[in-house]
Each structure stands twice: as structure tokens, then as C-alpha cells.
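What follows is a single structure, written as C-alpha cells, with notes after it.
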Amino acid sequence: MPFTIPTTNPWSCLPASFSMACGVPFNSFIGLLGHDGSDLPYTDKAFHAGFHPQECVEVAQTLGWACTPIELFPKITPNYKEERVISFRCGNMARFLQHLTSCRAGVIEGYSPIRKLGHAVAWDGLLIYDPRGRTFSFSEHIHFDFVPRVLWKLTR
């Protein structure tokens, strides 16, 4: 990661993480997205519009990156009512770690159990770069109030 981009608001962690992983300035990434996520479209005015991962994937692809999602606990549903978690023979966390260690640029989506909100961080193959201004190893993620769900592997 060439630089760390701390966010000034809780709804910009996803584009901040993608901008770090893609190696572009945050404002350039936001410009390519076309909005800053600050709109208030929900009934609960505490929640801003934010960003969907697919928006960030589109910008990353425009910048020359292919994006592959690797879910820690993928689910399948035949009817959109019942879900079944897919379990891998090697173990879901072992599989996720294999993908992490082979990834030199990525974004990890997850959530903050203490804040009870979604969160995203950048990954460089060795360290997590949290837009909240912290850098730490993957093994320390729970100590920094972050639980992973999806790795977006970025490749040129």
C-alpha cells in the first residue's frame, strides 16, 4: 500500500479501502464513483447512502483491476428463504487465509461487532490498512473490532 487513507466519516470506508488497494487518491476514486455517499435516503437519518461494493468494483475495473470476491462463509439458497452455508474440506478459515496470503492487493469487507456496522479495510498481502487510521496484521483483526466476511482480490 503506498499510502493510508483515513476516513473522516463512517460511510466512506469501502471506497477508501478500494482507493488504497488500487493505489489512487481517495478524491480521485470518489470522483470516478460520481457521489460521496453522504445523501440521507433512509428513514433513519443516522444512516447515509454509503456505497455498494459493486460501485467500487466498477471503478476498480476502470482502473485496470479485476476483482474476485472470496466469501468466508458463502451461502446458497434454493428459494431465498432457507440458506445453507457452504463448508470446505480444508475449513472455511483455512481457505480464506490461503486466498489472503496469495493476494497482494485487496479489500476485506466485514463488520464491527462493537459498533454493529459494516466496515471495510484494505489488504496488501501482509497487513490490514484500516481507514479509521490503524494498520495491523490479519491475526489481530478481532482486537481491532473487525470481523471479516468477504475478500475482494484485486489483480491486474
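Every number in this text was worked out from the coordinates using simple rules, so none of it is lab data. This one's a predicted model, so the numbers in the text were calculated from it and none came from an experiment. Neighbour counts run over all protein chains shown; Cβ positions are idealised from the backbone, glycine included.
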Sequence-distant residues sharing a close amide H with R132 (under 5 Å, placed H): T7
By the gyration tensor of its Cα atoms, with a ≥ b ≥ c the square roots of the eigenvalues, what is the shape of the chain: rounded for a/c under 1.5, prolate for a/b over b/c, or oblate? rounded
Once phi is turned into θ = phi - 60°, what whole-Hz ³J(HN,Hα) does the Karplus curve with 6.51, -1.76 and 1.60 give for every residue of the range 112-122, x standing for Gly and Pro? 9, x, 6, 7, 6, 9, x, 8, 9, 9, 8
Please work out whether the range 1-78 counts as rounded, prolate or oblate from its C-alpha gyration tensor, where a ≥ b ≥ c are the square roots of the eigenvalues and a/c under 1.5 means rounded, while otherwise a/b larger than b/c means prolate and anything else oblate? oblate
If each DSSP helix of 4+ residues adds -39,500 (n - 2.57) and the sum is divided by the residues in the chain, what number results at 222 nm, nearest 500 deg cm²/dmol? -7000 deg cm²/dmol
What's the FRET efficiency of R132 with E83 using the Cβ-Cβ distance as r and R₀ = 35 Å, to the nearest 0.05? 0.70
Output ordering of 15-24, 139-148, 125-134 (per-residue mean of other Cβ within 10 Å, highest first) is 15-24, 125-134, 139-148
For the chain, what relative contact order do you get, as a whole percent, if you take Cα pairs closer than 8 Å and at least 6 residues apart? 28 percent
Phi-derived 3J(HN,Hα) across the range 46-55 with the Karplus relation (6.51, -1.76, 1.60, θ = phi - 60°), rounded Hz, x for Gly and Pro, is 6, 9, 7, 4, x, 9, 9, x, 5, 5
With viscosity set to 0.890 mPa s at 25 °C, what whole-number translational diffusion coefficient in µm²/s follows for the range 113-155 from Stokes-Einstein and a Kirkwood radius over Cα pairs? 224 µm²/s
